[in-house]
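Remarks on the structure that follows.
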Amino acid sequence: MAIHFLLSAKARTLSLKAVFSMSEDKAYETFKALRFAETDGEAVCPRCGCLESYRNAKRRNFECAGCKHQFTVTSGTIFANRKMSFTDLLAAIVIFVNGAKGVAALQLSRDLDCQYKTAFVLSHKLREAMAREQASVQLNGIVEIDGGYFGGHVRPENRKEDRKDRRLKAHRSDKRQCVVIMRSRSGRSLPFVVANEGDACPIVRDRVGTLATIYADEGTGWDALHAGWDTKRVNHSVAFMDEGVCTNQAESYFSRLRRAEIGTHHHIAGPYLHAYANEMAWREDHRRVDNGRQAMLVAGAVMASRQSRSWTGYWQRAA
Ligand SMILES: [Zn+2]
């Protein structure tokens, strides 16, 4: 792949300084190499798959020799109809992957000197590309499963006599949602958003191989798993690890998601909760990968993606 010129051989890092000192052409070539990775950077018509095309270098677009379809490197991807320069898009990706606890859209808008809304939509497009990588994964080996609740904070009343017992179900907010993480010790982490922990059992059926061993805590929602898998439980009120059985990897994921909630976004809930949950799973799974490689993985996922239906105006208006 022709992305080697971006990453130095020794430290596979990519600094903002390096991005901003590169020319727009070089940033463009990076995206082009990632988009047409299978043909070593040679343009492929997205409509008919033809390998021959006329290139207009000045406008950075192509015309298919077969069907005359005009296209660019971002046509049909999440970055289709981009207005930002390729350098800015690459910089956005570097800033985004560098934030171990996530990056606030306001911070990104200040760093890139763009509007808050632009930064907000751009970050969500990057999350969508990250999620794409996890879409078809199946988990095997030892799989830890655990749930954590997000959103629906109930503020205690001022006076003690007015306060309610917030532990009771009747006093909880209906905005509270449960993130369930399934984390293979030898592979990926897959998060899902459900109403209650036990609701995730049907999803486990789809995403966890039948030969896997599941580690879960004492939560009664997981009892159903014993029917389909070799399931081992650890009672957290007694010990965090019991004869090697623990859900510490799952807890580590929640630690990162909580830090993103408390330290960066202050509020991750509602309709976007799954997007943040996916982002943090991606970060957890790639935590030992250098930032330059991470940036190329995200940029590659963006270039391999289809046009976003959630984050482009057309579908939002037409829905
Ligand atoms: Zn064509």
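Okay, here's what the table says:
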item	result
Of the criteria (1) under 20 Å from ALA104 (Cβ atoms); (2) outside the structural domain of SER184 (by TED's automatic domain parsing), which one ALA281 fails	(2)
Subset of the range 180-202 (residues that are surrounded by 17 or more Cβ atoms within 10 Å (Cβ to Cβ), farther than 16 Å from PHE254 by Cα and under 19 Å from the mean Cα position of the chain (by Cα))	none
Among the residues listed as GLU157, GLU161, the single one being without any contact (Cβ under 8 Å) to a residue 40 or more places away in the chain, outside any loop (DSSP other than H, G, I, E, B) and more than 29 Å from the chain's Cα centre (by Cα)	GLU161
Members of the range 164-179 that are charged (D, E, K, R) and either within 21 Å of GLU144 (Cβ to Cβ) or surrounded by fewer than 14 Cβ atoms within 10 Å (Cβ to Cβ) (or both)	LYS164, ASP165, ARG166, ARG167, LYS169, ASP174, LYS175
Residue count, the range 69-93 (criterion: of a type in the set (Lys, Arg) and at pLDDT 95 or above)	0
Condition broken by ARG205, with the remaining ones in (1) surrounded by 12 or more Cβ atoms within 10 Å (Cβ to Cβ); (2) more than 21 Å from the chain's Cα centre (by Cα); (3) in contact (Cβ under 8 Å) with a residue 24 or more places away in the chain; (4) within 26 Å of HIS286 (Cα to Cα) satisfied	(3)
Given (1) modelled with pLDDT under 95; (2) closer than 23 Å to ARG309 by Cβ; (3) not polar (S, T, N, Q), number of the condition LEU16 does not satisfy	(2)
Matching helices (runs of 4 or more DSSP H) fully within the range 21-129 where at least 1 residues are crowded, with 16+ Cβ neighbours inside 10 Å, over 17 Å from the mean Cα position of the chain (by Cα) and within 14 Å of the ligand (Cβ to nearest atom)	none
Check on GLU63, free of Cβ contacts under 8 Å to residues at least 60 places away in the same chain and acidic (Asp, Glu)	yes
Filter pass, LEU6 being crowded, with 16+ Cβ neighbours inside 10 Å, modelled with pLDDT under 90 and more than 16 Å from the ligand (Cβ to nearest atom)	yes
Search result, residues across the range 222-247 that are surrounded by 15 or more Cβ atoms within 10 Å (Cβ to Cβ) and among the charged types (D, E, K, R)	LYS232, ARG233
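Matching residues to (1) touching a Cys at 6+ places or on another chain (Cβ under 9 Å); (2) assigned to a loop (DSSP other than H, G, I, E, B):
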| residue | (1), (2) |
| --- | --- |
| ASP165 | no, yes |
| SER173 | no, yes |
| VAL179 | no, no |
| VAL193 | yes, no |
| CYS201 | no, no |
| ASP206 | no, no |
| THR210 | no, yes |
| LYS232 | no, no |
| SER237 | no, yes |
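The values are calculated or read from the model by the stated rules, or taken from the named source; none is laboratory data. Given the structure is predicted, the values throughout are model-derived calculations rather than measurements. Glycine gets a Cβ as well: all are built from the backbone with ideal geometry, and neighbour counts include every protein chain shown.
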